[in-house]
1. Filter segment 1-38 for residues that are at pLDDT 95 or above, in contact with a helix residue (DSSP H, G or I) (Cβ under 8 Å, 6 or more places away or on another chain) and of a type in the set (A, V, I, L, M, F, W, C) and give the result.
2. Of all residues in segment 24-46, which are under 14 Å from GLY109 (Cα atoms) and open to solvent by less than 50 Å² (accessible area, probe 1.4 Å)?
3. Of the conditions (1) more than 18 Å from GLY14 (Cα to Cα); (2) of a type in the set (Val, Ile, Thr); (3) at pLDDT 95 or above; (4) open to solvent by 50 Å² or more (accessible area, probe 1.4 Å), VAL49 satisfies every one except a single condition; which number is it?
4. Anything in segment 52-70 that is surrounded by 15 or more Cβ atoms within 10 Å (Cβ to Cβ) and more than 13 Å from the chain's Cα centre (by Cα)? List them, or say none.
5. Let me spell it out: the conditions are (1) of a type in the set (Phe, Trp, Tyr); (2) open to solvent by less than 60 Å² (accessible area, probe 1.4 Å); (3) modelled with pLDDT under 95, and TYR101 meets all of them except one. Which number is the exception?
6. Exactly one of these conditions fails for VAL11: (1) under 10 Å from the mean Cα position of the chain (by Cα); (2) more than 15 Å from GLN108 (Cα to Cα); (3) in contact (Cβ under 8 Å) with a residue 24 or more places away in the chain. Give me its number.
7. Scan segment 104-116 residue by residue and report those that are part of a strand (DSSP E or B), under 19 Å from ILE50 (Cβ atoms), open to solvent by less than 60 Å² (accessible area, probe 1.4 Å) and not aromatic (Phe, Trp, Tyr).
8. Within segment 85-95, is even one residue outside any strand (DSSP E or B), over 11 Å from the mean Cα position of the chain (by Cα), of a type in the set (Ser, Thr, Tyr) and surrounded by 13 or more Cβ atoms within 10 Å (Cβ to Cβ)?
Amino acid sequence: VQLQASGGGLVQPGGSVRLSCAASGSIFSINAVGWYRQAPGKQRELVAVITNGGSTNYADSVKGRFTISRDNAKNTVFLQMNSLKPEDTAVYYCNAVTKLYPPVYWGQGTQFTVSS
């Protein structure tokens, strides 16, 4: 499974942006896709996840501001981020949990900065 993340950049506080994670390869093996982030000096943390069944889960810090969704026809998962705060600044990674071995795959990170 290959994952290609895109959509990073610079956004002002209060703004919005959408990140994309395009999957290729053994798409049929994917059970769930998640977005993680890692800020400087901090551990990588889960931001949001969506399962094959469409169930979603969010970190408390982003609930009500971020929405994870998917376009099955394009094999792409999106992370819509609204009401952005400087503390959302991080490198964002997409991740797939699969039926394969090894089961976890990571895309390359995309830097995202919230600053005025």
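1. Selection gives ALA22 alone.
2. Once the filter is applied, which keeps residues that are under 14 Å from GLY109 (Cα atoms) and open to solvent by less than 50 Å² (accessible area, probe 1.4 Å), segment 24-46 yields GLY34, TRP35, ARG37, ALA39.
3. Just one mismatch for VAL49, condition (4).
4. Listed by number, the list holds a single entry, ARG65.
5. (2)
6. If we test VAL11 against (1) under 10 Å from the mean Cα position of the chain (by Cα); (2) more than 15 Å from GLN108 (Cα to Cα); (3) in contact (Cβ under 8 Å) with a residue 24 or more places away in the chain, just (1) comes out false.
7. The one that is part of a strand (DSSP E or B), under 19 Å from ILE50 (Cβ atoms), open to solvent by less than 60 Å² (accessible area, probe 1.4 Å) and not aromatic (Phe, Trp, Tyr): THR110.
8. Yes - at least one qualifying residue is present in segment 85-95.
The values are calculated or read from the model by the stated rules, or taken from the named source; none is laboratory data. Owing to the predicted nature of the structure, the values given are computational and were not obtained by experimental measurement. Backbone-built Cβ (ideal geometry, glycine too); neighbour counts: all protein chains shown. In case anyone asks, the SASA skips ligands and DNA or RNA and just uses the protein heavy atoms, side chains included. Shrake-Rupley method; radii C 1.70, N 1.55, O 1.52, S 1.80 Å.
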